[in-house]
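Input: a single structure, listed below in structure tokens.
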Amino acid sequence: MSNSLKILLLAIVTFFVGTSEYVIAGFLDIIAKDTGISVASAGQLISIFSLSYAIGTPILVALTARMDRRTLFIASLVTFVIGNAMVNFLPGYLPLLLSRVVLALSAGIFLTVAITMATKLAKPEKIGSAISTVVMGFSTSFVIGIPLGRLVAANMNWKLNFAALGILGFVAIFILMAAIPRTEGETPIPLVKQLAFLKNPKILMALVVIFFWILGYSIAFTYITPFLLNVANMSTSTISIALFIFGLASMIGAKIGGSATDKWGVRKTLLSGLILHAISLALLALSAHSIVAVLFVLVLWSLSLWSSGPTQQVNLVSQAPEASSIMISLYSSTHQLSMAIGVGLGGLVLKNMPISSVVWFGALGVTIAAILAIRAIRPVVKVANMLPIHENK
């Protein structure tokens with residue numbers, strides 16, 4: 001199997017893993033009703049996932065550094081299957097929270113290894129595209145996972161979504177066993193040394209930009225279903241269509257971001273994406289009176305949002321190419337920590353202000369990220385100069 005096909009396979013499995021995180025955003029209202037809690041409380045299911053991911057991923061990366069990569073992939077997917085089984089076989093809100101922790105830990109280690117391996121399999125001038133291909137697996141969860149999950153939850157049972165993910169994860173175990181060769185691990189880097197990278201001002205500022213970027217996104221997107229229901233006055237079927245359109249645009253955005261980073265560099269790609277992201281969130285609040293306008297703005301939002309993902313990761317890896325897995329781990333932890341805080345802030349806004357306020361606060365977060373990026377990222381980052389270790393099989 002060629003390296004390109006291996007990267008594509010990793011992206012496909014990443015789709016399953018990504019869906020386990022994001023699908024729940026499509027039916028928070030249904031979970032809230034089924035478990036007898038508020039929508040804001042149901043949103044904490046996303047928050048606990050993000051916190052577990054942020055805290056657990058760096059620790060797991062350090063503990064499993066020497067492990068054969070294929071074995072690590074399999075172990076993470078076995079954990080993934082267990083997490084999805086917990087949702088279906090253990091009733092109640094507390095087991096649901098615990099399942100989110102298990103799913104987060106499995107996702108954290110799988111995605112870190114998948115993205116790191118993609119950078120090693122790709123040619124130097126195609127690293128941005130390789131990362132965007134794996135990230136596209138995540139964005140595909142928006143195209144298929146979230147809208148389909150909404151339909152399943154609305155017409156059957158929301159737990160069926162996790163049953164299906166568990167089965168797909170089980171099948172993926174055997175596919176990866178056959179397709180991915182054994183690959184030696186890396187020299188373990190203790191957590192203390194991982195955190196020492198934060199002393200590098202460029203790395204620290206890159207992470208701060210990521211933090212505010214995801215903070216703004218998560219405040220708005222976590223509660224997008226209540227927003228579309230109550231502010232845009234969409235029906236359930238229309239919301240499914242809107243989420244599908246959002247997801248389709250996310251796939252395109254991720255690919256555009258990777259290709260643009262390879263061609264134009266980090267600064268131009270990232271700044272244009274962040275500025276467009278902030279503008280689209282403001283437009284979403286202003287266009288809520290028109291369903292057609294909302295759909296258009298959702299496309300704009302998704303394109304700009306997902307174009308920044310590969311660019312942010314390329315920027316980080318370029319700061320310390322000798323520790324690419326650590327950079328990806330720091331990216332993931334910052335991403336998820338910001339998600340958790342964003343969900344919590346969004347819940348507070350939802351309790352005390354009009355629903356439309358979550359979109360405005362989201363726009364504010366992304367605007368801060370754009371301002372910081374303008375000051376922090378200079379036009380000197382060259383993807384081809386990152387010089388990671390490659391496998392040319």
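Per-structure values
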read-out: Qualifying position, being open to solvent by less than 30 Å² (accessible area, probe 1.4 Å), aliphatic (A, V, I, L, M) and touching a residue at least 24 places away in the same chain (Cβ under 8 Å), among L97, L121; value: L121
read-out: Filter pass, L94 being closer than 21 Å to F170 by Cα and in a helix (DSSP H, G or I); value: no
read-out: Some residue of the range 146-158 being buried (at least 22 other Cβ atoms within 10 Å of the Cβ) and under 28 Å from L63 (Cα atoms); value: no
read-out: Residues (more than 21 Å from L300 (Cα to Cα) and not in a helix (DSSP H, G or I)) located in the range 348-366; value: M353, P354
read-out: Test: residue in the range 337-360 that is among the aromatic types (F, W, Y), within 24 Å of S47 (Cα to Cα), surrounded by 21 or more Cβ atoms within 10 Å (Cβ to Cβ) and out of contact with any strand residue (DSSP E or B) (no Cβ under 8 Å at 6 or more places or on another chain); value: no
read-out: Number of the exception - P321 against (1) surrounded by fewer than 18 Cβ atoms within 10 Å (Cβ to Cβ); (2) modelled with pLDDT of 85 or more; value: (2)
read-out: Residues (modelled with pLDDT under 85, more than 18 Å from A32 (Cβ to Cβ) and among the hydroxyl-bearing types (S, T, Y)) located in the range 199-237; value: S235, S237
read-out: Some residue of the range 105-114 being buried (at least 20 other Cβ atoms within 10 Å of the Cβ), of a type outside the set (G, A, S) and without any contact (Cβ under 8 Å) to a residue 60 or more places away in the chain; value: yes
read-out: Cross-chain or 6+ apart pairs with Cβ under 6 Å, the range 345-362 first and closer than 13 Å to I224 by Cα, then open to solvent by 90 Å² or more (accessible area, probe 1.4 Å); value: I355/N230
read-out: Test result for S332, open to solvent by less than 20 Å² (accessible area, probe 1.4 Å), over 24 Å from V113 (Cβ atoms) and in contact with a helix residue (DSSP H, G or I) (Cβ under 7 Å, 6 or more places away or on another chain); value: no
read-out: Yes/no for F142 being modelled with pLDDT of 85 or more, aromatic (F, W, Y) and either under 18 Å from the mean Cα position of the chain (by Cα) or assigned to a helix (DSSP H, G or I) (or both); value: no
read-out: Near pairs, Cβ below 6 angstrom, 6+ apart or cross-chain, from the range 45-58 (closer than 22 Å to D34 by Cβ) to any residue that is at pLDDT below 85 and not in a helix (DSSP H, G or I); value: I46/T222
read-out: S259 in contact (Cβ under 8 Å) with a residue 24 or more places away in the chain, among the hydroxyl-bearing types (S, T, Y) and open to solvent by 30 Å² or more (accessible area, probe 1.4 Å); value: yes
read-out: Unique match (being aliphatic (A, V, I, L, M), open to solvent by 20 Å² or more (accessible area, probe 1.4 Å) and at pLDDT below 85) among I291, I252, I279, I326; value: I252
read-out: Sole residue being in a helix (DSSP H, G or I), open to solvent by 50 Å² or more (accessible area, probe 1.4 Å) and among the polar types (S, T, N, Q), chosen from T71, T14, T57; value: T71
read-out: Of all residues in the range 364-376 being hydrophobic (A, V, I, L, M, F, W, C) and surrounded by fewer than 22 Cβ atoms within 10 Å (Cβ to Cβ), the one that is modelled with the lowest pLDDT; value: A376
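The values are calculated or read from the model by the stated rules, or taken from the named source; none is laboratory data. Only a predicted model underlies this, so the values are computations on that prediction, with no experimental measurement involved. Neighbour counts run over all protein chains shown; Cβ positions are idealised from the backbone, glycine included. Note: accessible area is taken over every heavy atom of the protein model, side chains too, but ligands, DNA and RNA are not part of it. Shrake-Rupley method; radii C 1.70, N 1.55, O 1.52, S 1.80 Å.
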